[in-house]
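Nothing in this text is a laboratory measurement; each read-out follows from the coordinates by a stated rule. Model, not experiment: these values are computed from the prediction. A quick note on method: Cβ atoms are made from the backbone with ideal geometry, for glycine too, and the neighbour counts reach across all protein chains shown.
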Amino acid sequence: MRRPGPKPRRHSNRGGSLDRDRVTLMQPVKRFTTAYDPAQDRVRIMLEQADASVHVLWLTRRLLVRLVPEIVKILTTLPKLRADASPGSNVEQGRSQMGAIGQIAPQAPVGYQEAETETLVSSMRARLTRQAVLIDFKDGEQTLQTLTFGETTLRQWLAVLHQNFHYAGWKDDIWPTWISVKAAQGEDGSIRLN
């Protein structure tokens, strides 16, 4: 039985009641799974937090179309910030992308059925710090969760997003030429981050 999708700007608990004050997502995330849901025509991120709780963030195509170019811009900027690297050409970016995908270690996905809350994200923001790239997921002005990425994990997640766009049939001209790497895909065409 498929659960109904989330309603905008609300948190739904498994018991069906809505209570914004009870939801606290800003805990360390142990791991997460990103998957396209055809019934919802959305991407969901299942977050497993340090306390073993599972929370789902729903992302719309509209938000992802805005986020992907920000991620690409950050990834093309990173080599310029390192003193030992030249600005990344398409070939260099492609090599870095393939290297990151090659480092993906298979894991069991975070269980969707165990989700305690589901939230439709209303905005996202990518930030570059000296140590990492931070992506904030928000509901209105409230930051629900911030995910921290290094260059390799950000490239891996970008590949997973690209795969989800392909699976969804979303045709958007937001992808750089270096993102299309077939060598790291599985026999079924999938790329797994976890």
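Packing-based ranking of 170-177, 27-34 yields 27-34, 170-177, ordered from highest to lowest mean Cβ neighbour count within 10 Å. Taking amide H atoms as placed 1.01 Å from N in the peptide plane, the amide H of Asp139 lies under 5 Å from those of Ser122, Leu144, each 5 or more residues away in sequence or on another chain. Here the Karplus relation 6.51 cos²θ - 1.76 cosθ + 1.60, evaluated at θ = phi - 60°, turns the backbone of segment 115-131 into coupling constants of 4, 8, 9, 9, 9, 7, 6, 9, 7, 9, 9, 9, 10, 9, 10, 5, 9 Hz, with x for every Gly and Pro. Taking amide H as placed 1.01 Å from N in the peptide plane, the amide H of Glu118 sits under 5 Å from that of Ser12, Val56, each at least 5 places away or on another chain.
A simple rule links phi to the HN-Hα coupling: the Karplus curve 6.51 cos²θ - 1.76 cosθ + 1.60 with θ = phi - 60°, which for segment 159-172 gives 5, 5, 4, 4, 4, 5, 4, 4, 4, 6, x, 7, 9, 9 Hz, with x for Gly and Pro.
Close amide H partners of Arg31, meaning residues 5 or more places away or on another chain with modelled amide H under 5 Å apart, are Glu48.
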